[in-house]
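Note sheet for the following structure.
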Amino acid sequence: MTTFVDRVELHVAAGNGGHGCASVHREKFKPLGGPDGGNGGRGGDVILVVDQSITTLLEYHHSPHRKATNGKPGEGGNRSGKDGQDLILPVPDGTVVLDKNGEVLADLVGHGTSYVAAEGGRGGLGNAALASARRKAPGFALLGEPGRSGDIVLELKTVADVALVGYPSAGKSSLISVLSAAKPKIADYPFTTLVPNLGVVTAGSTVYTIADVPGLIPGASQGRGLGLEFLRHVERCSVLVHVLDTATLESDRDPVSDLDVIEEELKQYGGLDDRPRIVVLNKIDIPDGQDLADMIRPDLEERGYRVFEVSAVARTGLKELSFALAEIVSKARAAKPKEEATRIVIRPKAVDDAGFTVTLEEDGLFRVRGEKPERWVRQTDFTNDEAVGYLADRLSRLGVEEELMKAGARAGDGVAIGPEDDAVVFDWEPTMMAGAEMLGRRGEDHRFEAPRPAAQRRKDRDAERDEALREFEGFEPF
């Protein structure tokens with residue numbers, strides 16, 4: 001059964017924003033007490049957060065579809081809807097987030113590092129928030145925006161200081177088990193290690209991590225064996241350790257040719273030329289192994305490698321190797337630039353930036369693209385004439401109508417707002433009132449201007465009383 005996964009495709013969807021509410025306050029003797037519709041709640045985000053207690057992406061391999069909760073709609077009485085709950089997805093340290101085209105979106109290293117994979121939609125405004133001096137009682141509210149959704153790829157690159165590389169059964173798992181407290185599976189057949197093993201080593205005052213990268217064979221960089229699947233785990237290491245088997249039972253292999261093959265695969269993979277190398281001649285507890293180590297050591301040192309002879313079984317030569325690795329790791333850490341807090345860069349838009357474009361397509365359709373127009377379209381309830389009229393007013397104030405005229409649009413021409421796969425298309429009318437003309441100005445409610453019967457009766461009674469009092473001598477009402 002698979003217990004380790006280091007690459008998954010994840011389908012994420014943020015929560016939708018709640019719709020605003022169109023409501024009018026009503027109570028006894030106050031049939032039209034004013035708009036009191038609340039705003040919709042914000043949709044929840046999908047957030048990736050590094051958790052060092054997580055070591056695999058197995059959970060997302062079994063459940064690749066993840067969705068945050070939606071915001072609640074607003075209600076009457078100026079009650080806003082509840083925000084959707086953010087969906088927190090813990091990922092291992094060293095997870096790289098990519099889009100479907102392979103472009104890196106985020107490199108999550110360090111406990112608590114987070115990335116918003118999908119942003120929740122904003123809630124729609126209720127009619128109370130849309131009311132103004134000119135629009136006293138809007139009979140509509142804005143819809144909540146849909147949350148972002150899409151597919152992302154998660155790749156795990158082990159965060160380790162030292163990477164052990166070599167042929168299967170070279171003794172890498174045995175070596176990591178005696179250098180650290182790791183307990184990998186160990187056996188004498190090829191591809192015993194199917195997943196990277198990670199251990200923590202203490203050498204004097206230096207503590208570093210060491211990883212066993214499995215499955216490197218000739219052709220690994222082109223996909224043979226398990227090598228291509230796990231070569232990414234050596235990218236973050238500070239030093240590469242070639243573990244060579246000096247007691248191999250295969251007649252067509254020898255430690256030097258094994259080293260050349262592994263180096264060629266690392267070269268083909270790329271990006272590892274600057275990492276220092278150390279050669280470990282393992283299994284010298286076997287007589288033939290010690291003899292072969294004595295024969296090839298001068299040749300390896302002539303190539304510029306530091307060579308260590310060890311035996312994971314007899315536990316000889318391990319202390320020297322451990323402190324040598326600690327020295328290299330300490331130098332690599334000291335050479336790294338000091339980490340600085342991430343700067344928040346604010347890039348305000350130009351004051352004269354309309355924020356939209358109008359283009360004429362080959363089929364004669366005028367397409368409007370821009371953050372504001374597209375967002376306003378998503379927020380509009382097209383079953384409500386007053387809401388459509390409000391959208392037309394917003395677009396006119398933004399300058400869309402003027403730009404359409406400049407582009408050569410005439411009454412009756414087709415206009416699309418949004419991308420090709422999700423656009424609102426309509427026949428353009430420069431003076432379009434969208435059925436809201438019966439309300440006077442868009443968004444105004446003529447009921448507030450109409451006289452109320454009870455008030456009119458009181459005025460009539462007061463007028464009759466004043467007329468009767470004038471019949472007395474010289475009386476004038478105050």
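State whether the residues of region 133-154 include one that is part of a loop (DSSP other than H, G, I, E, B), without any contact (Cβ under 8 Å) to a residue 60 or more places away in the chain and out of contact with any Phe, Trp or Tyr (no Cβ under 9 Å at 6 or more places or on another chain).
Step one: list which residues in region 133-154 are part of a loop (DSSP other than H, G, I, E, B), which gives 133-148.
Still in the list and also without any contact (Cβ under 8 Å) to a residue 60 or more places away in the chain: 133.
If we keep only those that are out of contact with any Phe, Trp or Tyr (no Cβ under 9 Å at 6 or more places or on another chain) too, we end up with 133.
Yes, region 133-154 has at least one match.
Could you pull out the residue among 338, 331 that is open to solvent by 50 Å² or more (accessible area, probe 1.4 Å), at pLDDT 65 or above and farther than 30 Å from residue 243 by Cα? Explain how you work it out, then say what you get.
Details: 331 fails: farther than 30 Å from residue 243 by Cα.
None of the others qualify; the one that does is 338.
Right, residue 98: closer than 30 Å to residue 236 by Cα, within 13 Å of the chain's Cα centre (by Cα), open to solvent by 40 Å² or more (accessible area, probe 1.4 Å) and not β-branched (Val, Ile, Thr) or not?
Numbers: closer than 30 Å to residue 236 by Cα: yes; within 13 Å of the chain's Cα centre (by Cα): yes; open to solvent by 40 Å² or more (accessible area, probe 1.4 Å): no; not β-branched (Val, Ile, Thr): yes.
When the stated conditions are applied, residue 98 does not pass them.
Hey, can you tell me all the residues within region 170-207 that are buried (at least 18 other Cβ atoms within 10 Å of the Cβ), polar (S, T, N, Q), in a loop (DSSP other than H, G, I, E, B) and modelled with pLDDT of 75 or more?
180
Looking at (1) surrounded by 17 or more Cβ atoms within 10 Å (Cβ to Cβ); (2) at pLDDT 75 or above, find the lone condition where residue 159 falls short.
Checking residue 159 against (1) surrounded by 17 or more Cβ atoms within 10 Å (Cβ to Cβ); (2) at pLDDT 75 or above, the one that fails is (2).
With the checklist (1) in contact (Cβ under 8 Å) with a residue 24 or more places away in the chain; (2) surrounded by 15 or more Cβ atoms within 10 Å (Cβ to Cβ); (3) under 49 Å from the mean Cα position of the chain (by Cα) in hand, flag the one item residue 292 doesn't pass.
Status for residue 292: all satisfied but (3).
Give the residues of region 64-95 that are small (Gly, Ala, Ser) and open to solvent by 40 Å² or more (accessible area, probe 1.4 Å), sorted by residue number.
In the first step, residues of region 64-95 are kept if they are small (Gly, Ala, Ser); the result is 68, 71, 74, 76-77, 80-81, 84, 94.
Result: 77, 80.
In region 208-265, how many are modelled with pLDDT under 70, surrounded by fewer than 20 Cβ atoms within 10 Å (Cβ to Cβ) and not charged (D, E, K, R)?
11
The values are calculated or read from the model by the stated rules, or taken from the named source; none is laboratory data. If you're wondering where the values come from, they're calculated on a predicted model, not measured in any experiment. In this analysis, Cβ positions are derived from the backbone assuming ideal geometry, glycine residues included, and neighbour counts consider all displayed protein chains. Surface accessibility is based on the protein's heavy atoms, side chains included, excluding ligands, DNA and RNA. Shrake-Rupley method; radii C 1.70, N 1.55, O 1.52, S 1.80 Å.
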